[in-house]
1. In region 329-382, what count of residues is obtained for those that are closer than 28 Å to residue 283 by Cα, in contact (Cβ under 8 Å) with a residue 60 or more places away in the chain and assigned to a helix (DSSP H, G or I)?
2. Which residues, taken from region 312-321, are in contact with a helix residue (DSSP H, G or I) (Cβ under 6 Å, 6 or more places away or on another chain) and either free of Cβ contacts under 8 Å to residues at least 24 places away in the same chain or surrounded by fewer than 24 Cβ atoms within 10 Å (Cβ to Cβ) (or both)?
3. Name the pairs: first residue in region 258-270 and in a loop (DSSP other than H, G, I, E, B), second residue at pLDDT 95 or above and hydroxyl-bearing (Ser, Thr, Tyr), Cβ to Cβ under 7 Å, at least 6 apart or on different chains?
4. Taking the options 119, 99, 105, name whichever one is without any contact (Cβ under 8 Å) to a residue 40 or more places away in the chain, surrounded by fewer than 18 Cβ atoms within 10 Å (Cβ to Cβ) and either part of a loop (DSSP other than H, G, I, E, B) or not charged (D, E, K, R) (or both).
5. Identify all residues within region 49-76 that are surrounded by 19 or more Cβ atoms within 10 Å (Cβ to Cβ) and over 19 Å from residue 158 (Cα atoms); write none if there are none.
6. Might you check whether a residue that is within 27 Å of the chain's Cα centre (by Cα) and part of a loop (DSSP other than H, G, I, E, B) occurs anywhere in region 127-145?
7. Would you pick out the residues in region 192-209 that are surrounded by 24 or more Cβ atoms within 10 Å (Cβ to Cβ) and modelled with pLDDT of 90 or more?
8. Working carefully through the options 65, 40, find the one that is in contact with a Phe, Trp or Tyr (Cβ under 6 Å, 6 or more places away or on another chain), in contact (Cβ under 8 Å) with a residue 24 or more places away in the chain and farther than 16 Å from residue 101 by Cα.
Amino acid sequence: MKTIEDLDVAGRRVFVRADLNVPLSGATITDDGRIRAVAPTIAKLVERGAKVVVASHLGRPKGEPDPQFSLAPVAVRLGEILGTPVAFATDTVGESAKATVAALADGEVTLLENLRFNAGETSKDDAERGAFADQLADLADLYVGDGFGAVHRKHASVFDLPARLPHAVGDLIATEVGVLKRLTEEVERPYVVVLGGSKVSDKVGVIDNLLGKADRILIGGGMAYTFLKAKGHEVGISLLQEDQIPTVLDYLKRGEESGVEFVLPVDVAISGSFPDTKTFAPVEDFEVVGADGIPADKEGLDIGPRTRELFAAKLADAKTVFWNGPVGVFEHPAFAEGTKAVAQALVDGDAFSVVGGGDSAAAVRILGFDETKFGHISTGGGASLEYLEGKTLPGLAALEG
């Protein structure tokens, strides 16, 4: 794949497909990590005299404008990070976009409105998607793909647009792919994987593939209760995917046969109801029980103190760690200790640690950890998982062409 160093960008309109899908509370950005991640690529193009046209999606609008998913607050924050004003086009390929791009001088930046406000962006119809890509191509001379969090999507701005313009990868995607190769091709052992999040079904492919690569797989989060149920334990009203129990039993059997150690919680923090993560109201019935002793009317919401120590011990000698998914409801202080313990173990160890996934990355920042203490914090959870599953990612395939 070509890099931006291979492109002659001075005086030319460079379309940068970024991933600026940041969490918002109203118009307030609660985690600007993805904006900061792509800013160096944009800054480099600005320094070289490009007319930079940035585009991204945000949220899941239904193919038409929806004010709650506007990128307007992102334009302001991007300008603050770059230290230069960022013009904002109030549509994607309409009159505002055309006028804003036409007004760009060398070294200036504009951000288009949410790409998913146009149904052509996510359409499964090749012709509809292609027509939108044609309109986007009219706004640029060159294409730079740097939205790693979207490269697993066959969307117009990710897959179709690079075929219409000379293209290259941005620094962020180049870094992400290099890191993932270290997790798949150049692994230093012991290789430990920590998987959390809510559903086993979200991780089926990656677990299947990692059974031949990882030395240990630590299971936390909501998905742990399907594993515990598969082991015959009562899980109360905890998150459970009954239909995944046969799959989990197969994983445990294959892990035993291949020497891959599955590490499950030995104790859990529970409550009779899901905590309020907006007001952080105290949890009156908080308690810790053994993983085999969850009452029928209680819900597991975090790993317990003995499991925190167990996970830390299993991470202590690791040379490579991939972590995807919080191991508890970290947004509430009562159930943040497990996720905090995993992050601390990575900070304390000397492994090359990769934090993959929006929730895991947000947890690291929200819980106050220094991002530089981790080997890499990925901007793409779904993309990272699909890469580790061995899938071909449409956005990367398009940039290789």
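The values are calculated or read from the model by the stated rules, or taken from the named source; none is laboratory data. Please read all numbers here as calculations on a predicted model, not as lab measurements. All Cβ positions, glycine included, derive from the backbone under ideal geometry; neighbour counts span all protein chains shown.
1. 13
2. Within region 312-321, just 312 meets the criteria.
3. 265/307; 266/307
4. Values: 119 fails: without any contact (Cβ under 8 Å) to a residue 40 or more places away in the chain; 105 fails: without any contact (Cβ under 8 Å) to a residue 40 or more places away in the chain.
Answer to the selection: 99.
5. Hits for region 49-76 are 50, 51, 70, 74, 75.
6. No: region 127-145 contains no residue that is within 27 Å of the chain's Cα centre (by Cα) and part of a loop (DSSP other than H, G, I, E, B).
7. Listed by number, the residues that qualify are 192, 193, 194, 195, 196, 207.
8. 65
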